[in-house]
Amino acid sequence: MSVGIDLKGLGVIVTASSRGIGFNVARELLKRNARVVISSRSEENLKKALDELSPFGEVYAVKTNLCDQRDLENLVKESRELLGGIDALVWNAGNVRCEPCLLHEAGYDDWVEAAKLHAVAPGYLTTLLVQTWLEGKRKGVLVYLNSVSIKEPMPPLVLADVTRAGLVQLAKSVSRTYGKHGIRAYSVLLGSFDTPGARENLKAVAESRGETFEETWEREVLGRTPLHRTGRWDELGSLVAFLLSDEAEYMLGSTVVIDGAMTRGINL
């Protein structure tokens with residue numbers, strides 16, 4: 001069942017992975033012979049995802065609220081036991097509850113939630129894993145799934161765009177500080193992928209504008225790329241697998257874009 005790069009039993013945590021991007025990335029990594037721990041705060045969703053992923057390989061589930069310190073600590077502890085050691089993290093997170101919402105519609109609690117989900121949680125989870133890897137004198141890889149909207153902001157996602165922009169700095173900082181110990185990190189900026197969350201957001205945007213969902217999907221998703229489609233899961237899976245492999249070692253700290261040329265600018 002392997003596809004492309006063989007991850008040869010690499011032990012990987014994929015967060016927020018009971019559906020959408022996290023679920024599909026977990027499935028693609030299983031196809032490439034990784035051993036995977038999935039997580040979700042919903043026990044029902046987690047059980048359903050585990051049943052669907054089990055045919056693809058060795059997969060475990062740990063219930064985790066990414067905004068809860070004890071849950072993050074427990075995720076690392078249980079994953080170490082289940083996998084016999086953690087080799088990598090693929091960070092993924094869903095939306096904060098108020099999104100899509102414009103800046104003037106966001107309250108204090110919304111900003112706190114966004115900061116906890118998109119900055120504190122990945123930061124603290126990274127701290128826990130780096131500590132574990134240094135103590136065990138073992139290598140580790142961190143892949144932070146992010147969005148191209150941190151480069152070209154989307155106003156209804158302002159909370160996420162502002163708070164997850166720091167993941168680029170986190171990946172570079174981890175790589176520069178701990179690369180000599182075999183610990184490396186990457187930030188992956190995603191364009192549009194067809195997920196339940198993406199469709200829910202676009203439906204809300206369409207309603208606020210008095211448009212049909214199809215009109216909004218065409219303009220905001222399909223019409224933004226010359227390919228006129230969303231990204232495929234095998235494309236994203238192949239990219240993440242490459243970053244997890246030793247073949248990407250010299251790219252440590254890099255920010256990688258997979259967006260079908262959605263963004264108009266270039267970085268030199």
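Before moving on, here are some points about what is shown:
- Residue match in the stretch 235-245 (condition: within 22 Å of LEU134 (Cβ to Cβ), in contact with a strand residue (DSSP E or B) (Cβ under 6 Å, 6 or more places away or on another chain) and part of a helix (DSSP H, G or I)): yes
- Scan of the stretch 213-268 for residues that are touching a Pro at 6+ places or on another chain (Cβ under 8 Å) and either under 30 Å from ILE13 (Cβ atoms) or surrounded by 12 or more Cβ atoms within 10 Å (Cβ to Cβ) (or both), ordered by number: GLY260
- Looking only at the stretch 79-117, and only at residues there that are assigned to a helix (DSSP H, G or I) and among the small types (Gly, Ala, Ser), the one that is nearest to GLY11 (Cα to Cα): SER79
- Breaking point among (1) open to solvent by 60 Å² or more (accessible area, probe 1.4 Å); (2) at pLDDT below 95; (3) touching a strand residue (DSSP E or B) at 6+ places or on another chain (Cβ under 8 Å), for PRO155: (3)
- Residue check, GLY210 closer than 30 Å to VAL143 by Cα and either open to solvent by 50 Å² or more (accessible area, probe 1.4 Å) or at pLDDT below 95 (or both): no
- Hey, LEU117 buried (at least 16 other Cβ atoms within 10 Å of the Cβ), aliphatic (A, V, I, L, M) and at pLDDT 95 or above or not: yes
- Scope the stretch 49-64; condition touching a strand residue (DSSP E or B) at 6+ places or on another chain (Cβ under 9 Å) and of a type in the set (S, T, N, Q); matching residues: THR64
The values are calculated or read from the model by the stated rules, or taken from the named source; none is laboratory data. For clarity, every value in this text was computed on a predicted model and none was experimentally measured. Please note: Cβ atoms are built from the backbone with ideal geometry, for glycine as well, and neighbour counts cover all protein chains shown. In case anyone asks, the SASA skips ligands and DNA or RNA and just uses the protein heavy atoms, side chains included. Shrake-Rupley method; radii C 1.70, N 1.55, O 1.52, S 1.80 Å.
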